[in-house]
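The values are calculated or read from the model by the stated rules, or taken from the named source; none is laboratory data. Bear in mind the structure is a predicted one, so any value in this text is a computation, not a measurement. Neighbour counts run over all protein chains shown; Cβ positions are idealised from the backbone, glycine included. These accessible areas exclude ligands, DNA and RNA; they are computed on the full protein's heavy atoms, side chains included. Shrake-Rupley method; radii C 1.70, N 1.55, O 1.52, S 1.80 Å.
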Amino acid sequence: MSDSSATAALPPPEERKLLADTGKLSSATAASHVVNLAGGLIVAGILTPAAWGVWKYVQIIMLYTGFANFGATNGLDRSCPALVSKGKLSLYRRFLGASLAFSTLISVAIGTVFLVLGIVMPSGHWRTAFLALSVLVVLQPFFQHGEAALSSEKRFGAKATAIVGSTLVRIGASVAAAFFFGLAGVLAVFAFTLIVTTAYMFSRTDYGWPFQAFRQMRLHLPRGIIRVGLPITLLAFAEQIFLTTDKWIVGGVFGEAIGGFYLFAFFPLPVLLMVPSALRQIISIDVYDKYSRLRRIEPCRDVFERSVMAIALGSPVLIGAVYLGMPWIIEFLLEQYRPSIPTLKLHAIAVFPILISQTALPIVVITRRVKGVVMGYLAVTALAGAVSCWFLATVPGASMIGVVLIHGIAWGLFSAALMAITLVWLGDSVGWAAWRVVRWLIPMAYLAVELPALEWLLVRLGLTPHTFIYGAGGGVLHLLACAPFLWMLERRIKGVSFVLNSLARRLGKRA
């Protein structure tokens with residue numbers, strides 16, 4: 001190939017920069033998950049289970065309040081990139097400013113409620129949490145809109161820097177703050193990190209100083225943005241309610257300490273969701289693009305099925321690592337969280353249907369079936385919550401592991417139904433769709449038998465449960481047990497070789 005033809009084959013400089021920045025963003029997201037996991041374990045070891053549990057509940061509340069703007073930020077993500085690409089910067093700034101002002105007013109109202117709750121509550125972890133939330137929820141929309149501005153302007157390199165930098169600062173400072181000041185110190189560090197990261201993000205945008213948003217408030221602009229973003233927001237909010245209601249039930253019935261143990265059992269979830277969440281974002285872009293161009297849903301079928309297959313066949317390796325590795329970490333570093341181990345193991349397997357259902361949600365959005373799915377999420381959540389409360393109130397010796405089992409069944413049934421109905425929307429018959437979903441769930445059934453059997457074998461070999469040798473030896477055997485899934489993944493979509501080649505390229509560059 002000649003130099004000229006090779007040069008012609010390269011993407012233009014703008015596209016090369018976009019691809020490089022997108023790679024940085026993916027790497028930054030993965031690195032932040034690793035740092036959060038490691039730092040979170042250290043903070044958990046310093047705080048008591050009760051204080052750590054309240055800290056995790058604060059994060060769940062922040063997750064909820066992030067949806068309080070009725071989808072304004074999601075509307076920006078869908079609307080503003082096109083405005084920036086077309087050079088309509090003035091309209092882009094008006095949209096962003098109106099959304100920020102509207103979101104901040106809502107956050108101030110919510111923050112006032114938390115402030116009153118914090119003032120009237122007796123001293124304790126929750127009083128500290130509510131007082132901190134009165135500040136955190138007001139800072140939250142500025143952080144969200146800083147992210148939205150960077151995404152709209154395709155400044156993914158700056159966004160990657162913000163993700164990694166804020167994570168390193170927050171985790172490092174949180175460890176010291178937890179040691180000297182406990183829960184209050186961790187919450188103060190969180191607020192400080194939001195302020196610094198928000199300032200950095202806006203300094204890297206064309207928008208400018210965020211407080212000018214209140215001079216650009218126009219009531220008709222937020223309405224237009226919300227119309228675009230509300231369906232996605234309702235779907236995401238219902239999904240989070242579906243996934244977190246059990247945490248509130250356990251904390252409410254058993255108190256802060258048991259709630260902390262229960263939440264710790266879910267601590268590895270971001271690691272398990274890392275690949276499905278990344279695929280969900282990629283699939284969303286591809287699906288929205290294909291549907292907007294072709295106005296047909298059938299072309300989205302291939303990318304949906306391949307993503308589900310990749311998650312279904314690849315997740316068993318990570319699930320086994322959590323199942324066998326996290327108990328060793330708890331025994332070695334965090335003995336006070338030992339009661340979490342049985343629930344952690346059960347959850348690692350029960351979460352499998354949630355992982356494989358992630359890429360169905362973009363199909364829900366483009367087919368305009370958000371309302372039905374949201375109602376389904378809420379109905380199943382209410383039913384599972386009612387059964388859990390009945391179980392805890394009537395069954396002698398009822399424990400938190402029963403709650404995760406009840407909700408795990410709900411997660412599995414609803415996720416399977418969602419996957420099946422998505423295939424029906426894509427053109428399958430009901431019977432064929434049901435059979436496809438059963439095949440996708442085979443790895444979960446396999447794990448439910450293989451991992452307990454593997455533990456039994458390790459004990460029979462004379463290894464002490466939850467030691468390093470136990471976990472490492474079990475990990476090797478589990479990897480061998482997952483070889484058929486990996487072989488199938490490679491055979492169908494070349495997934496294993498793609499990962500290995502990507503790692504080799506990265507290691508070669510670093511060398």
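Quick notes on this one:
- Distance between the modelled labels on Met62 and Gln240, one decimal in nanometres: 1.1 nm (7 Å Cα→Cβ projection).
- Prolate/oblate/rounded call for the stretch 389-485, Cα gyration tensor, a/c under 1.5 rounded: oblate
- Relative contact order (%) - criterion: Cα under 8 Å, at least six apart; region: the stretch 319-472: 34 percent
- Distance (nanometres) between label positions extended 7 Å along Cα→Cβ at Arg301 and Lys86: 3.4 nm
- Pairwise FRET efficiency - Phe179 versus Phe391, Cβ, R0 = 41 Å, nearest 0.05: 0.60
- The largest-to-smallest principal axis extents of the Cα set in the stretch 91-213 are 48, 32, 16 Å.
- Shown are Trp432, Trp456, whose ranking by accessible area with a 1.4 Å probe and every protein chain present, most to least, is Trp456, Trp432.
- Label zone (Arg338, point 7 Å along Cα-to-C-beta; backbone nitrogen cut-off 19 Å) within the stretch 457-475: 459, 463-471.
- Pairs beyond 27 Å (Cα-Cα), from Lys86/Lys159; Lys247/Lys371; Lys86/Lys371; Lys56/Lys345: Lys86/Lys371
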